[in-house]
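Asks: Quick one: the structure is below, and I'll ask about it shortly.
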Amino acid sequence: MTSSIKVNQSNGNEKISEHIYGHFAEHLGRCVYEGIWVGEDSDIPNTRGIRNDVVNALRGLNIPNLRWPGGCFADEYHWKDGIGPREERPSIVNTNWGKVTESNHFGTHEFLDLCEQLECEPYICGNVGSGTVLEMQEWIEYITFDGESPMANLRRKNGREKAWKLKFFGIGNENWGCGGTMRVEKYADEYRQFQSFVKNFSGNEIYKIACGPSEADYHWTDVIMREGVGKYTPPVDRVIDSTWDHYRPSMHGIGLHYYTRNRANYTLAADFDEKQWFEYMKRTLFIEELIIKHGEVMDKHDPDKNVGLIIDEWGTWFKVEPGTNPGFLYQQNTLRDALIAGINLNIFNNHCDRVKMANIAQMINVLQAMILTDKEKMVLTPSYHVFEMFKVHQNAVLLPTEVESKSYSMDGDSIDQLNVSASQDDNGKVHISICNIHPTQSEEITCNIDGISSFSSAGGRILTSENINDHNTFEMTDRVKPEEFNDMKVEGNGLSITIPPKSVIVIELDPS
Ligand code: AHR
């Protein structure tokens, strides 16, 4: 059997939100401190305390949004600890992540400065688990209110005259777990109350995101969708006019967290055999079932798909590197992570009618990171390169694909060898991203693009390496990096390609 990909250009009508390519930076291990924040007095070149090398590298990804300050940290974060003169800010204990001292030197101003340097939208996650409604209300006012008010004036006193824009706001994080161990019914009520005080000031409009389920907890999604998007019905004798509609709870998105991991047996990121390669590919592909099934539950309450499924934590989770703090979640990043990144992004693209945003965990030095740092040194990971290659899909129109793929089998179990998505950008260019999951077998593919008669140019880039566990180190920074890929033949609106094993490819076709 020859594998084939049919791309339907004429049926493309859904936009892939750029926000699917979002990131996440938590006060966890060396993500914020060392990875981003070194302080103004550091020898490492920085702009107002934020590392220049890291910002420059991240700018290559067109990061659309950045989630902060957690994660579990969000539900114990009190934002007023992180404003004002740094030397006067209180230190606290980071109880979730290694019980280390948190200096609060990186706070609201520093985070929003980072977003301005990256030119991305901030996505702040508020504290429901141990915070108050007033605290959350005042945070929004502090950041976004342009007029005269106690919070806006406090912001000015702390050196920022102009209000910031704040697009995304999360009402708590994992409130079924570290964010308060709540039953869904309790959280649904908390959501309704807290969100009422997340106000739009000075032309700023907030997209409110509810804490969603862990993995396959469909009941959580069902209750939150019912309570979050349901119309508030006041008692009959109190109905005066339709202005009651104003009290309807609003929820624009619901989160979903899914990590590619084996909780029963965490193993090292770079020390594995083919069996574990297969296992992790299979585990990561499961996210498609989660998207479909949570999507079906959402459809019941919201058939027009107004509420976005926001996969605000995803990625690989391995055993920490030997000799590092177990609470810091520092892991290597190999070609396996690159394939996993490509597979997930393809799946998100293909479900962009419901998946409106996603945030890989995490940006630097934690879990499936884009960048690893060691003092003044830094290295880009294979996952970084996949995000860089796939950025062409941001805001492009999804082109539906039909894929006939060979199977990749292991111990009686099998998965599709190929994983694909395609889009067309504003300039008419078609991009097809293909992952060949098989670690040893290349794949010959014929690919037809319905709706386009010919191409004036075709080219591509490939990310692969000799071994499945190859990775970049501070000594060998370019072992896994994208190369040009031209091993394809174009005829009319079709092409034949041989995809090397264990590779991620992005093909660009120019119809003009
Ligand atoms: O990303 C690490 C942690 O994983 C986050 O803090 C938490 O939300 C999740 O359990």
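Asks: Report, by residue number, each residue of the range 145-182 that is under 24 Å from the mean Cα position of the chain (by Cα) and under 22 Å from L114 (Cβ atoms).
Replies: Passing the criteria: W164, K165, L166, K167, F168, F169, G170, N173.
Asks: Where the second residue is part of a loop (DSSP other than H, G, I, E, B) and among the aromatic types (F, W, Y) and the first is over 16 Å from I340 (Cα atoms) and within 16 Å of the ligand (Cβ to nearest atom) and lies in the range 258-273, which pairs have Cβ atoms under 8 Å and are six or more apart or on separate chains?
Replies: So the pair list comes out as Y266/W317; Y266/F318.
Yes/no matrix, rows are residues, columns are (1) over 23 Å from R261 (Cα atoms); (2) not in a strand (DSSP E or B):
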site: V297; (1), (2): yes, yes
site: I310; (1), (2): no, no
site: F348; (1), (2): no, yes
site: E388; (1), (2): yes, yes
site: V392; (1), (2): yes, yes
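Asks: Have a look at N104, N62, N96 and point out the one that is touching a helix residue (DSSP H, G or I) at 6+ places or on another chain (Cβ under 6 Å), over 18 Å from Y123 (Cα atoms) and in contact (Cβ under 8 Å) with a residue 60 or more places away in the chain. Before the answer, list the steps.
Replies: Numbers: N104 fails: in contact (Cβ under 8 Å) with a residue 60 or more places away in the chain; N62 fails: over 18 Å from Y123 (Cα atoms).
Exactly one residue qualifies, and that residue is N96.
Asks: Taking L463 as meeting all but one of (1) under 16 Å from L380 (Cα atoms); (2) touching a Phe, Trp or Tyr at 6+ places or on another chain (Cβ under 6 Å), write down the number of the exception.
Replies: Condition (2) is where L463 drops out.
Asks: Which of the following residues is farther than 19 Å from D217 by Cβ and crowded, with 24+ Cβ neighbours inside 10 Å: D337, D304, D271?
Replies: D337 is the lone residue from the list that is farther than 19 Å from D217 by Cβ and crowded, with 24+ Cβ neighbours inside 10 Å.
Asks: Show me the strands (runs of 3 or more DSSP E) found entirely inside the range 45-118 where at least 1 residues are of a type in the set (D, E, K, R) and buried (at least 22 other Cβ atoms within 10 Å of the Cβ).
Replies: Passing ranges, in order: 65-68, 100-102.
Asks: Answer yes if at least one residue in the range 450-462 is among the aromatic types (F, W, Y) and at pLDDT 95 or above, and no otherwise. Can you show your working first?
Replies: First pass over the range 450-462, keeping only residues among the aromatic types (F, W, Y): 455.
After this cut, where a residue has to be at pLDDT 95 or above as well, the list is none.
No, the range 450-462 has no match at all.
Asks: If I filter the range 357-380 down to residues being buried (at least 24 other Cβ atoms within 10 Å of the Cβ) and in a strand (DSSP E or B), which single residue comes out as nearest to the ligand (Cβ to nearest atom)?
Replies: Going through the qualifying residues, I end up with A361.
Asks: Quick one: which residue in N306, N346, N350 is in the same structural domain as G98 (by TED's automatic domain parsing), polar (S, T, N, Q) and farther than 22 Å from C435 by Cα?
Replies: Criteria check complete, one pass: N306.
Asks: Shifting gears a bit: Output the residues belonging to the range 317-346 that are part of a helix (DSSP H, G or I) and within 16 Å of the ligand (Cβ to nearest atom).
Replies: P326, G327, F328, D337, I340, A341, N344
Every residue, every condition in (1) modelled with pLDDT of 95 or more; (2) farther than 16 Å from D113 by Cβ; (3) touching a Phe, Trp or Tyr at 6+ places or on another chain (Cβ under 6 Å), yes or no:
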residue: T2; (1), (2), (3): no, yes, no
residue: Q9; (1), (2), (3): no, yes, no
residue: G12; (1), (2), (3): no, yes, no
residue: K15; (1), (2), (3): yes, yes, no
residue: E18; (1), (2), (3): yes, yes, no
residue: R30; (1), (2), (3): yes, yes, no
residue: Y33; (1), (2), (3): yes, no, no
residue: S42; (1), (2), (3): yes, no, no
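The values are calculated or read from the model by the stated rules, or taken from the named source; none is laboratory data. Predicted model only: the values in this text are computed from it and were never measured. Positions of Cβ are backbone-derived with ideal geometry, glycine not excepted, and every protein chain shown enters the neighbour counts.
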